[in-house]
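Quick notes on the structure that follows.
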Amino acid sequence: MENLKINIEKVFDFVGKDEIFSLKANALASLNSLHKKTGKGSDFLGWVNLPSQITGAEMDDIENTSRIIRTRIDLVVVVGIGGSYLGTRAVAEALTHSFEYLKDKNTNPQIIYAGQNLGEDYLTELLEILDKKRYAIVVISKSGTTTEPAVAFRILKRHLEAKVGREEAKNLIIAITDEKKGALRKMAGDEGYKTYVIPGDVGGRYSVLTPVGLVPLAIAGFDIRSLVKGAKDMLALTLPEVAFEKNPAALYASTRYLLYRKGKKIEILANYENKLHYLAEWWKQLYGESEGKEGKGIFPGSVDLTADLHSMGQYIQEGERILMETVISIKSPKASLEIPTDDDNLDGLNFLAGKRIDEVNKMAELGTMLAHIDGGVPNIQVLLPVLNEYYIGQLMYFFEIACGISGYLLGVNPFNQPGVEAYKKNMFALLDKPGFESESADIKKRLK
Ligand code: PA5
């Protein structure tokens with residue numbers, strides 16, 4: 001069976017193969033530290049072996065709960081932010097029919113999201129939709145105290161209780177949080193919600209293969225066993241014992257690190273299958289929060305192609321030469337659609353007649369790759385055979401383990417996010433949160 005592959009040949013005009021291979025010892029030592037838990041942030045490495053440690057009983061429990069809830073709802077509202085929602089959204093959007101929301105009848109409950117922003121219109125419009133739908137809530141917060149999801153949950157809980165009654169609402173709410181601490185853990189205990197645990201040693205952005213991702217995805221009908229199997233197989237393919245040249249994670253981490261050292265400060269993750277838009281959002285959080293600290297780190301950006309060739313293409317081709325590009329390339333689409341012949345040929349497209357849309361897409365991909373290389377943008381390819389749960393599992397684990405290696409090559413702790421607290425402190429001070437009185441006066445003066 002085919003696996004995810006990486007192709008770094010198209011960076012050799014920018015960094016030599018020998019330079020990349022000179023990082024072999026460092027990269028494999030970093031990888032070893034992740035497995036042996038000897039590097040920075042070693043308290044947060046529970047995700048490394050997670051795919052091979054999830055038990056059959058845990059999967060059965062998640063699937064049984066999901067089965068019971070699925071029959072009673074049209075929608076599942078995932079309430080969470082950052083690592084507590086992006087993994088679910090990445091998988092769900094990659095594998096859902098593009099026009100599922102327009103179908104007369106959906107086979108599976110649809111996932112919608114709340115608590116990932118503070119938009120008043122967003123929440124109001126969501127409530128309007130929920131008035132007419134049968135729904136369940138999966139509220140996810142490791143800390144149990146994050147403002148955005150806590151605010152959304154307060155509103156949604158009240159809405160659901162008013163709609164179905166307090167007792168029935170308890171059967172339709174699942175809380176995923178820390179095993180012992182946090183406001184959400186306490187509330188779930190007091191109310192008697194079904195709960196799942198986010199392991200203490202797994203940070204939010206590495207948590208997609210815990211109940212954080214698995215519970216909502218199972219409710220929405222995705223094959224979580226294949227997702228985990230894909231990740232488990234990628235774990236085996238990226239072990240420290242795997243030779244550097246065959247280890248996709250070590251190669252990817254080393255290549256992007258060297259390009260960064262040569263001035264390529266921004267990495268854009270490109271797709272030619274726009275269902276991967278949220279996979280890129282997940283990837284941006286993973287790499288941005290893991291690497292961007294101590295004045296260091298590649299800035300992760302993303303583009304959906306070919307759409308963004310007509311917006312960002314100009315900059316990528318000719319703007320400041322600080323970009324590298326990583327393309328997720330899907331070998332075969334699920335569908336098959338040919339371009340028809342047209343007798344009048346008014347659009348001049350008969351030269352494409354009989355070709356599949358995907359062939360045109362692939363030529364756009366190859367043409368763009370060469371153009372970008374000519375324009376000074378090195379290109380890394382991540383190749384997947386098809387888009388399904390199994391290969392998304394491979395892809396996510398590949399990016400996670402490569403991110404750990406990258407962080408260690410850079411010399412930072414890839415498993416903390418101290419900078420995220422700065423905005424919270426100011427926001428709490430401005431909102432007069434008890435305990436922030438001294439900051440409050442100061443910050444209000446600054447804004448005058
Ligand atoms: O990766 C992380 O740790 C963060 O992005 C968190 O997932 C995010 O801030 C949400 O935190 P919590 O789950 O505690 O509400």
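Below is a table of values for the structure above.
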read-out	value
Where Val208 falls short, out of the listed (1) assigned to a helix (DSSP H, G or I); (2) out of contact with any strand residue (DSSP E or B) (no Cβ under 9 Å at 6 or more places or on another chain); (3) within 14 Å of the ligand (Cβ to nearest atom); (4) under 17 Å from Gly87 (Cβ atoms)	(1)
From Ala253, Ala218, residue being farther than 30 Å from Arg134 by Cβ and either in the same structural domain as Ile69 (by TED's automatic domain parsing) or in a helix (DSSP H, G or I) (or both)	Ala253
Odd one out for Ala429, checked against (1) modelled with pLDDT under 95; (2) within 16 Å of the ligand (Cβ to nearest atom); (3) surrounded by 19 or more Cβ atoms within 10 Å (Cβ to Cβ)	(2)
Filter result for Ala188 (surrounded by fewer than 24 Cβ atoms within 10 Å (Cβ to Cβ) and farther than 27 Å from Pro300 by Cβ)	yes
Condition met for Lys105 (modelled with pLDDT of 95 or more and of a type in the set (D, E, K, R))	no
Residue satisfying all of: in segment 407-426; under 23 Å from the mean Cα position of the chain (by Cα) and outside any helix (DSSP H, G or I); surrounded by the fewest Cβ atoms within 10 Å (Cβ to Cβ) among these	Asn416
Among residues of segment 256-305, those that are more than 16 Å from the ligand (Cβ to nearest atom) and over 22 Å from Ser98 (Cβ atoms), counted	19
Output for segment 127-154, where each listed residue is among the hydrophobic types (A, V, I, L, M, F, W, C) and touching a strand residue (DSSP E or B) at 6+ places or on another chain (Cβ under 6 Å)	Ala136, Ile137, Val138, Val139, Ile140, Ala152, Phe153
Any chance Lys163 is open to solvent by 30 Å² or more (accessible area, probe 1.4 Å), touching a residue at least 24 places away in the same chain (Cβ under 8 Å) and not in a helix (DSSP H, G or I)	no
Selected residue [open to solvent by 10 Å² or more (accessible area, probe 1.4 Å), assigned to a loop (DSSP other than H, G, I, E, B) and in contact (Cβ under 8 Å) with a residue 60 or more places away in the chain] from Lys275, Lys264	Lys264
Per-region count, segment 181-205, residues more than 13 Å from Gly144 (Cα to Cα), touching a Gly at 6+ places or on another chain (Cβ under 6 Å), in a helix (DSSP H, G or I) and more than 11 Å from the ligand (Cβ to nearest atom)	0
Residue within segment 13-34 that is of a type in the set (Lys, Arg), farther than 16 Å from Gln381 by Cα and touching a helix residue (DSSP H, G or I) at 6+ places or on another chain (Cβ under 9 Å) present	yes
Pairs with Cβ under 6 Å, 6+ apart, first in segment 68-97 and not assigned by TED's automatic domain parsing to the domain that holds Thr146, second within 16 Å of the ligand (Cβ to nearest atom) and open to solvent by 10 Å² or more (accessible area, probe 1.4 Å)	none
Qualifying residue in segment 14-25 (condition: assigned to a helix (DSSP H, G or I) and polar (S, T, N, Q))	no
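Okay, residues lined up against (1) within 9 Å of the ligand (Cβ to nearest atom); (2) in a helix (DSSP H, G or I); (3) among the aliphatic types (A, V, I, L, M); (4) open to solvent by 20 Å² or more (accessible area, probe 1.4 Å):
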| position | (1), (2), (3), (4) |
| --- | --- |
| Ala136 | no, no, yes, no |
| Val139 | no, no, yes, no |
| Ser143 | yes, no, no, yes |
| Val151 | no, yes, yes, yes |
| Ile155 | no, yes, yes, yes |
| His159 | no, yes, no, yes |
| Ala169 | no, yes, yes, no |
| Glu179 | no, no, no, yes |
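The values are calculated or read from the model by the stated rules, or taken from the named source; none is laboratory data. Small disclaimer: the values here were computed from a predicted structure and weren't measured. Note: ideal-geometry Cβ built from the backbone for every residue, glycine included; neighbour counts use all protein chains shown. When the accessible area is computed, the model is the full protein with side chains, heavy atoms only, and any ligands, DNA or RNA have been set aside. Shrake-Rupley method; radii C 1.70, N 1.55, O 1.52, S 1.80 Å.
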